[in-house]
Amino acid sequence: MSVSVETAAVSAPRRRVRPPKLVVQHKKAIAIFIAPFAVLFALFYLVPIGYAVYQSLLVIQRDGTFGQAREVFGGFAQYVQVFQNGPFWQSVGRVLLFGAVQVPVMLGLALLFALLLDSPILRGKRFFRLAFFVPYAVPGVIAAIMWGFLYSPNLSPFTAVTQNIDFLSADLVLWAIANVVTWVFVGYNMLIIYSSLLSIPTEIYEAARLDGAGQMRIAWSIKIPLVMPAIVLTAIFSIIGTLQLLAEPQVFRTFSSAVSSTFTPNLTVYTTSAIPNVNLAAAFSVVLALATFILSFGFLKFTQRKDDK
Amino acid sequence: MSAILSSPANGSPDSNQASDAAPTSRIRRGGRGQAGGGHGHQGPAGSDTTRARGPRESPLSRAGALIVMLVFTLYFLIPIWWLFIASTKSAPQFGNTPALWFADFNLFENIGQLIAYRDGVYLKWMLNSVLYAGLGALLGTLFAAMCGYALAKYRFPGRDAIFNVVLGGVLVPATALALPLFLIFSQVGLTNTFWSVFLPSLVSPFGVYLTRIFAASSVPDELLEASRLDGAGEIRTFFTISVRLMFPALVTVFLFQFVAIWNNFFLPLIMLRDETLFPVTLGLYAWNSQVNQIPELRLYVLVGAFLSIIPLVITFLLLQRFWRSGLGAGSVK
């Protein structure tokens, strides 16, 4: 992301020769270009976030047991409840564990496939590229329904396996879901990394080959460092996706009683809002969005810091 | 099928790049003719001479690479193959014939039943999904492109601030917004309407990010100046010249927005009660959770799931030569 800022800075001075005072040309055109997105972004990003924060600061008060319910300002009362809510933090722990295992496995596979697609030792590249990418066209809900059947002890084509191993049991269902997510997204991440590999000038490999480097060596010492930005990008999106897990576990609730109504943080939000306890649900949402932001932003900063060394 | 799969990619960036690169690219080309054939023989005869300079890869590592890829091909394609087979079977045959091979070919009868079920609500769902995702992604891409273009090509106060806010928006996932959006829409009494799902889908911060990078690198300032000298207005220049130059990025943004809306589950789940407004994912989810009470639904869920992934697969394949080059531009930066 820092690179993009630089490119803008490089292209800009050409047009602006006399700096200190900024003369804005084409004001009307700029306004027309920016307004539609800006209005929608404000209405459907900024306002809802602000309103959710506001709602999370309210509590419901009743006059007596049967009195009318009123919303009054309650400070951080809802947040106290969030921090005392055991199931919510269990669900956070669950998706963190999920992410710590699933994201590296998925990105490792994606990187391996991308390197193989880019190396001269593989044939039939176009077929593999498409075959691996097809699952991305399957929505999470549909993929979860499909794998739900594939895991089932009676209906699965692999009953020999599923009758002996219960993938939908409390111990394994989290990893059964991890498999669904991996199945959908490996090809997508593979393509992002592969596109990045294609943009490396081939002369670099020429020089390495003349120095006697084999494909493994080239992959390890040249390709992987050069596509690191792409890997970081896929990692950030994967971290965000993991914390937001909802569709797959929601579908799995019909296949397995081991998936509770507070299995992931977002399921907790949904369940709480359906009670309805909107104020607490809003507080959950705010905490979750903040946690996601901090984690992905922190990861970005962490990887950039390593680059600086 | 394989002819359809391979033809659009002919103009794709890797073949362009391959043509001006030396030894490795020839082997890429050599492999191309047999794409999909995938047997473990050595490369074509010509390739050995072109690779004479570097150390040679053993046949063992070639075979190993191919085996790894073939095994994972099974992993990725068997579930879809199973879904296809399952949707060709009649309900009684589903449970008692081999799951990975055809029994009586009942696909069209099944589709007929699915469409007839409850006055064609399935077709309505598909239509809804096409509207939400198709129209939403089209408008969303246009708005994102206009904004990204303005951020890249004009200097004005607040430009960096806008970009940073948008960048923050990229890191706020759509699902985190579902509940806040529900709260807002219920304030104005618009939950359970078409607009409650459609309008929020028009916003694509990632699209702004991508088009901004792409506009900065692919729309030369000289060209804009020349257009100005010709007397064309800024808006007209954008639609006649810049959009064309940014096209690969626009297709990429469109596709990812399309997929994001098509796959979005939380927003419709939380917004919609009226079955006739459901997108197909939510509809199939609703049927799937009733399978235990209404067993006949199982067949409809499977056939419906199979039909619902076809439009997306076709869209991706048709547009792949565009989006692959756009994707490369976004991830390198």
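The values are calculated or read from the model by the stated rules, or taken from the named source; none is laboratory data. These figures come from a predicted structure and were not determined experimentally. Neighbour counts run over all protein chains shown; Cβ positions are idealised from the backbone, glycine included. These accessible areas exclude ligands, DNA and RNA; they are computed on the full protein's heavy atoms, side chains included. Shrake-Rupley method; radii C 1.70, N 1.55, O 1.52, S 1.80 Å.
Brief remarks follow.
- Under 5 Å from the amide H of A:LEU58 lie the amide H atoms of A:GLY74, each residue being 5 or more positions distant or on a separate chain, with H modelled from the backbone and absent for Pro and chain starts.
- Segment A:31-118, accessible area per residue, ligands and nucleic acids excluded (1.4 Å, Å²): 51 Å²
- Using a 1.4 angstrom probe on protein heavy atoms only, the contact between B and A buries about 11300 square angstrom of accessible area, both sides summed.
- Directionally averaged projected area (convex hull, Cα atoms, the protein assembly as shown), nm²: 33.6 nm²
- Legend: mean number of C-beta atoms from other chains within 10 angstrom of residue C-beta atoms, peptide B:209-218, equals 2.
- Only protein atoms count toward the accessible area here, which uses a 1.4 Å probe; on segment B:55-105, the carbon and sulfur part of that area reaches 77 percent.
- The smallest convex shape that holds all Cα atoms of chain A, its convex hull, gives 238 Å³ per residue.
- For segment A:149-155, backbone phi angles converted through the Karplus equation (6.51, -1.76, 1.60; θ = phi - 60°) give residue-by-residue couplings of 5, 5, 7, 5, x, 9, 9 Hz, Gly and Pro being listed as x.
- Annotation: per residue accessible area for segment A:127-272 equals 32 Å², rounded to a whole number [probe 1.4 Å, protein chains only].
- FRET efficiency, B:GLU109 to A:VAL23 (Cβ-Cβ, R0 60 Å, nearest 0.05): 0.25
- Mean separation of Cα contacts under 8 Å, 6 or more apart, over the residue count of segment B:55-105: relative contact order %: 28 percent
- Solvent-accessible area of B:VAL130 with every protein chain in place, 1.4 Å probe, in Å² to the nearest 10: 80 Å²
- Pairwise FRET efficiency - B:ASN164 versus A:ILE60, Cβ, R0 = 35 Å, nearest 0.05: 0.40
- Segment B:116-332: relative contact order as a whole-number percent, Cα under 8 Å and 6+ apart: 34 percent
- Surface share of carbon and sulfur [accessible, 1.4 angstrom probe, percent] for segment B:148-246: 63 percent
- Residue order by solvent-accessible surface for B:TRP82, A:TRP220 is A:TRP220, B:TRP82, largest first, with ligands and nucleic acids left out and a 1.4 Å probe.
- Computed from backbone phi, the HN-Hα couplings of segment B:239-249 come to 6, 8, 10, 5, 4, 5, 5, 8, 3, x, 5 Hz, rounded to whole numbers (Karplus: 6.51 cos²θ - 1.76 cosθ + 1.60, θ = phi - 60°; Gly and Pro given as x).
- Over chain A: helical MRE at 222 nm, DSSP H runs n ≥ 4 each giving -39500 (n - 2.57), nearest 500: -21000 deg cm²/dmol
- Ranked by solvent-accessible area (1.4 Å probe, protein heavy atoms only, all chains present), the residues B:TYR149, A:TYR79 order from largest to smallest as A:TYR79, B:TYR149.
- Measuring heavy-atom accessible area with a 1.4 angstrom probe and counting protein chains only, the residues of segment B:285-319 that give up at least 50 Å² relative to the chain alone are B:TYR285, B:ASN288, B:ILE309.
- Shown for chain A: the carbon plus sulfur share of the solvent-accessible area, taken with all protein chains present and a 1.4 angstrom probe, equals 67%.
- Dividing the mean sequence gap of close Cα pairs (under 8 Å, 6+ apart) by how many residues segment A:78-308 holds gives a relative contact order of 30 percent.
- Label separation (A:SER260 vs A:ALA170): 0.9 nm, computed from points 7 Å beyond Cα along the C-beta direction.
- Neighbouring partner chain Cβ atoms per residue of B:61-73, average, 10 Å criterion: 5
- The mean number of partner chain beta-carbon atoms within 10 angstrom of a residue's beta-carbon across peptide B:189-202 is 1.
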